[in-house]
Amino acid sequence: MNRFPVRKVAVLGAGVMGAQIAAHLVNVKVPVVLFDLPAKEGPKNGIVTKAVEGLKKLKPSPLGVPEDAALIEQANYEEHLDKLRDCDLIIEAIAERMDWKLDLYKRIAPAIAPHAIVASNTSGLSITKLSDVLPEEIKPRFCGIHFFNPPRYMYLVELIPTPTTRPEILDQLEAFVTSAVGKGVVRAKDTPNFVANRVGIAGMLATMKEAETYGLSYDVVDDLTGKKLGRASSGTFRTADVVGLDTMAHVIKTLQDNLADDPFFPSYATPAVVTKLIEQGALGQKSGAGFFKKVGKDILRYDTKADPASAQYVPAGGKADEIVARMLKKPAPERLKLLRESTNPQAQFLWAILRDSFHYCAVHLADIADSAREIDFAMRWGFGSNRGPFELWQEAGWKQVAEWVKADIDAGKALCTAPLPAWVFDGPVATNSGVHTPEGSWSASQNKYLPRSTLPVYQRQYFPESVLGSGAVAPLKAGTEVFKNDEVRVWTLDGEVLIASITAKLHLISPTVTEGLLKAVDLAESQYKGLVIWSPDDVFSAGANLEALMPVFMKSGAKGIAPEEKKLQDAMLRIRYATVPVVSAVRGIALGGGCELAVYSAKRVAAMESYVGLVEVGVGLIPGGGGLAYIVRRAAEMAAAGNANADIFAFLKDGFTNAAMAKVGTSAIESRKMGYLLWSDTIVANKDELLYVAIQEAKALFEAGYRAPQKKLFPVAGRNGIATIKGQLANMRDGGFISAHDFHISSLIADVLCGGDVDAGSLVSEDYLMTLERKHFCALLEHPKTQERIMGMLQTGKPVRN
Ligand code: NAD
């Protein structure tokens, strides 16, 4: 249990990182005050105000909803130092200069609360050296807290203690950062660039060097070192462009300035091309050009050989050779063997960079991290790899790969001649064929396997991300299985709450899924306290499975679909009126039928990164699994809550726009603003706590004497409402903003949302609205333009505009 109550956080420095860290704290409901220097002209908070305004425009958005920027309290060091007293945590994120940071610490020290934790977000300075200047009483409460950019989206936060940091301070901070802020914590040693940037940037430098050796262009390297290699899709050079070449040069300089004794020191030289691009002001994405440049729709790549007087950028688009791409799809042992033995330069290049990373990590493990797990998690969470370097090495066959790496070192092919450490070949790692075991991960400094952290906060993670080889049970094999069909697994962890996991691709809802969920509801009602719908990956459900309905449609047309759709609608109602609570644990996309499943549940527990919406219009349809009936009911409920005589139509407008424009929330917070989550729902900061919280919520509802809602009739806007909406739609159509088919679909949405051709205020039931949904849905299925949209989506995965 986290016994470190953080009532408020101060962030010092409203630059790129500070402002976005503050924004993310707002996302997770942590009150925050953001400081910067007093402005020289105008209001003293000018610098902070500008930064906060900037947050609203930044893409990808650092905020759940832009208007929440107002929740960031603004301050400057001249007028508001006293505000620090209320803060339990102070995160310093000012410019990367030791002297400036030290000056600031001295200045704020008298205002810091006696219990507050003070942490620096520095990327490259020594935390211990920073700590040295602090008053004695603050030193035990000081450490490093290294967020990655962009902080909302990057899961990794490195925590770095100094020799004087009190251990319980770090434990408290780890609990807060994990559970409240929602991040994956890696503890790092106070060595230059800590873990992720040390290994990641050394890896990028090695990749740039080997690319030159094998004569590969930037676009080809990026294709080879992106998704195909199980790494971030931006590959190597585009990642450098996104990070900013100046920032990258800064991180490289830290390596150069501090690691003269490192055997890899020569490979820390700044690549000539990076220096050249920086000189030209081509700093990457932020300055419009770097290794790549976007001109209109074309992507160009920098060409070092091009005549500087003429175009320096040439068309990009080079791809991996087909034969190499095929090698990359093989299982790890075969993959590495093929790459190593191939004469294809791309394959040789890939073996070379993998060898370099294994070599580098093995040589440095003892110095930079407590165990191999920290390095692997840092590379996954900070650099977007599917697997860390040690995991891949172990997967490919520990001893064999070790021998290959050794052979290359001996042959002078590696980046340096430093031998692999003895633990690679002798002792427990060799015996166990790897650094990760069920006992723990190898610590080269302590010569033993270290288990995972046992901090109480991790008890909230039933299935935390785990490294390959750790023997962690896969969630879909865990617990007690109660029922299973081809697309749903129904199981329980505690015998009290049932869990239904959709296992179909993208968790698409087919008749088999519906059948599995209904069975789960039956079982939950008879023997459990509730049902949680949860899956271990980052998709809740991409919607109804149109492909599964194809055979029925081919055989009997829309008439054949109507009964299938009714079954889906009935399943939604069964979930809503179940005698035990059904809790949807939403994470990632919940679209169309997935959104409907969520809104018909008794409660939603949603990860911050949840994207919810009714998107059927994209395939030329209307929401047909109760999505529109839901919007009508919510509008009636909100009107009733406000004022018994309130105009329903006012509450319907947003719901109409969201469905008619297939809008999707860009966060759980926005999805709630759009009405797909309720204020009474729970938004969870850490994705790995979702199942825990959902089970707690289901139990709490049950224990509080849960009864399903009563079936009610509710008032609709009727034919007047339809006429109003259609009038506006006609203007949009005539103005060329929407197509004739969009007009048609939107009119049908309006028809359902207003309850059809009835008087305003008429009372209708959910069943009645669902019948209307079904009628229009089936009619649209027969429409050639809708069929064109469906076929387009099934064939290309992209919406057809017609
Ligand atoms: P930035 O240049 O965007 O912002 C720095 C802020 O510090 C500015 O708002 C500036 O007004 C303020 N500042 C400048 N001089 C000051 C002084 N003497 N006293 C007080 N405030 C001063 O920098 P950034 O990129 O946000 O980096 C901030 C910190 O975070 C650095 O330590 C950096 O190493 C670290 N970091 C950066 C990134 C990144 O990708 N940019 C990632 C992780 C960590």
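What the table shows:
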| item | result |
| --- | --- |
| Gain in span if fully extended, Met554 to Asp537, counting 0.36 nm per residue against the direct Cα distance | 2.8 nm |
| Dipole magnitude of the range 1-138, debye to nearest 20 (Cβ charges: Lys/Arg +1, Asp/Glu -1, about Cα centre) | 320 |
| Theoretical gain in end-to-end length, Ala646 to Trp679 [0.36 nm per residue, Cα-Cα removed] | 9.8 nm |
| R0 of 51 Å, Cβ-Cβ distance Arg107-Leu713: FRET efficiency to nearest 0.05 | 0.20 |
| Net length gained if the chain between Lys50 and Ala260 were fully extended (0.36 nm per residue, minus Cα distance) | 71.5 nm |
| Those residues of the range 343-364 whose amide nitrogen sits under 17 Å from the label point placed on Ala407, 7 Å along Cα→Cβ | 343-344, 347-356, 358-359 |
| Span per principal axis, largest first, for the Cα atoms of the chain (Å) | 83, 66, 64 |
| In Hz, Karplus ³J(HN,Hα) per residue of the range 382-392 (6.51, -1.76, 1.60; θ = phi - 60°; x = Gly, Pro) | x, 10, x, 7, 5, 9, x, x, 5, 4, 5 |
| Sorted by Cβ neighbour density within 10 Å, fewest at the top, the residues Asp223, Asp759, Asp570 | Asp759, Asp570, Asp223 |
| Sorted peptide list for 761-769, 552-560, criterion being average Cβ within 10 angstrom, highest first | 761-769, 552-560 |
| Computed label-point distance, nm, for sites Thr191 and Asp486 using a 7 Å Cα→Cβ extension | 5.2 |
| The chain - mean residue ellipticity at 222 nm from DSSP helices (-39,500 (n - 2.57) per run, n ≥ 4, rounded to 500) | -13500 deg cm²/dmol |
| Unit charges at the beta carbon, dipole of the range 185-252: most positive-side option, Gly244, Val185, Thr207 | Val185 |
| At R0 = 35 Å, FRET efficiency that the Cβ-Cβ distance of Lys775 and Ser526 yields, to 0.05 | 0.50 |
| Computed FRET value (nearest 0.05) for Ala700 with Lys567, which takes r as the C-beta separation and R₀ as 51 Å | 0.95 |
| Neighbour cut-off at most 15 other Cβ (10 Å), DSSP loop, chymotrypsin sites (Phe, Trp or Tyr not before Pro), the range 129-236 | Tyr153 |
| Phe702, Phe714 arranged by Cβ crowding within 10 Å, fewest neighbours leading | Phe702, Phe714 |
| Positive-end residue of Val664, Leu690, Tyr706, charge dipole of the range 652-727 with Cβ unit charges | Val664 |
| Protection-proxy order for peptides 465-474, 606-615, 525-534, each taking the mean of Cβ atoms within 10 Å per residue, highest first | 606-615, 525-534, 465-474 |
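Laboratory data are not the source of any read-out in this text; all were calculated from the coordinates shown. These numbers were taken from a predicted model, which means no experiment stands behind them. Virtual Cβ from ideal backbone geometry, glycine too; neighbours counted across all protein chains shown.
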